[in-house]
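Read the structure below first, then the notes.
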């Protein structure tokens, strides 16, 4: 007995987890809870069931990672670990990269002292961009300012929200349209897909059956 | 060998000469030779090889005084520490959801729930944790992350994050302690504690003489293929690298009592955040007795 024909996204998502879930056994009854558990990994707001709050939280988690590069770049020049970066520190670190040989039309050349000094300054400038008051020190407060999460335009933000797995699961599993996909609703949907894959209706998913729908 | 590894090999050579000469002279000389050969093989002419080789010296010559000295190595150590520290802090700051450069329990929980809610691998099987189990796993993982919260206020501050990796990597920094590694390099020909450009160039020029058999200053493909210093096989190279690392890492003495002849030592380990569950020793047919259980401290131990 097959449930409703699942949409492409639902099938894709079940197939994504079906292979690792087969470690639980080939019986649908064994595989099903593991696939649902993979999807439950999106339930991060502490309220049972997948809601749009979970998707929003995921977007915030992604945002937190996106603002780290500038902080890491500045802290990598903080040689004495005092949460301040002076120009001397920035230039000391930059001088390593500035010592690399340059490729010219005539072949490999050693940068001369002036070239090295110029490149060192330029690379250090990249770090010192964070020095907003131009006192040649990136202070702790200036480092803290780097941590502010970058603003994102609305369209981009909506795209990222919609691409979250939680939002995608809610789109096909939220039967009563209350904005939350309960794990019963998700289980019913996943079972429907697994029943569809189980072409000989023996209650087991074989490799061949998985291959047939991929 | 990538540029980074290449640099590390050369730097290692310079960093610990005296200690290494006492303990692993063969490996160090081999590593030096390898770095030289790699430079020559990567170059079309001897002068190009000189440029590449010299850039290694320049990259480490950081104190503004020509030549490589202990001070340069200390600065290099500080740079390495700062990079490690920055990487470690950035890794932690991915949990900082509101961008205030501190991490609270509430910020950690969603991340740990995402890990804990998923299925658990139990041997060759996979099982789905119950809600209670998942929440407990998430809670324990949060507490584990908060171990670095030295003030105990439930918030990881930037200062605490910065302090943590420094503690972790202090053993590596010891490499640059002059009293542990007096600067008398394989390359420091006159033993004055400074490797000059000329001294640094000696092993390269010696190898170039051997490789550039017709002395035309061009390292041809045939000369590269015919060189006496063939690259060592991968497994031998791994052994050399391990020996080099052994020479570099501070040694610790194991103070455990010697095991009896019929006992076995089992070492269990796991990556950060990974749980070890259901560990079974022996079987019903083959009883096993745990004589002693040693749980090392947080600090990774090579004892």
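Any read-out appearing in this document is the output of simple, stated calculations on the displayed coordinates, not a laboratory observation. The structure displayed is predicted, hence computed values, not measured ones. Here Cβ is always computed from backbone atoms with ideal geometry, including for glycine, and neighbour counts include all displayed protein chains.
Summary value for the stretch A:87-167: 24 percent relative contact order, contacts being C-alpha pairs under 8 angstrom separated by 6+ residues. For the segment B:93-105, counting C-beta atoms of other chains within 10 Å of every residue's C-beta and taking the mean gives 5.
Note: relative contact order over the stretch A:16-112, using C-alpha pairs below 8 Å and six or more positions apart, is 10 percent. Projecting label points 7 angstrom from Cα along Cα→Cβ for residue A:125 and residue A:145 puts them 1.9 nm apart.
Against the compact-protein benchmark of 2.2 N^0.38 Å, the Cα-based radius of gyration of the stretch A:60-108 scales to 1.64.
What separates the Cα centres of the stretch A:84-118 and the stretch B:37-52 is a distance of 20 Å.
Note on the stretch A:163-214: the alpha carbon radius of gyration divided by the globular reference 2.2 N^0.38 Å gives 1.34.
Computed from the C-alpha gyration tensor, the three semi-axes of the ellipsoid equivalent to chain A are 53, 23, 14 Å, from longest to shortest.
If a spin label sat at a point 7 angstrom from the Cα of residue B:202 along the line to its beta carbon, the backbone N atoms of the stretch B:49-64 nearer than 17 Å would be those of B:54, B:57.
Given a Förster radius of 35 Å and the C-beta distance between residue B:225 and residue A:97 as r, what FRET efficiency does 1/(1 + (r/R0)^6) yield to the nearest 0.05? For residue B:225 and residue A:97, the calculated efficiency is 0.60. Kindly express, to the nearest 10 degrees and within the range 0 to 90, the angle between helix A:113-128's C-alpha long axis and the longest C-alpha principal axis of chain A. Between the helix axis and the principal axis of chain A, the angle is about 50 degrees. Note: relative contact order over the stretch A:68-214, using C-alpha pairs below 8 Å and six or more positions apart, is 16 percent. Calculated over the stretch B:111-153, the projected area of the Cα convex hull averaged across directions stands at 3.6 nm².
Seen against the Cα atoms of chain A and their longest principal axis, helix A:183-197 is set at about 70 degrees. Helix A:8-21 axis versus longest C-alpha principal axis of chain A: approximately 90°, rounded to the nearest ten.
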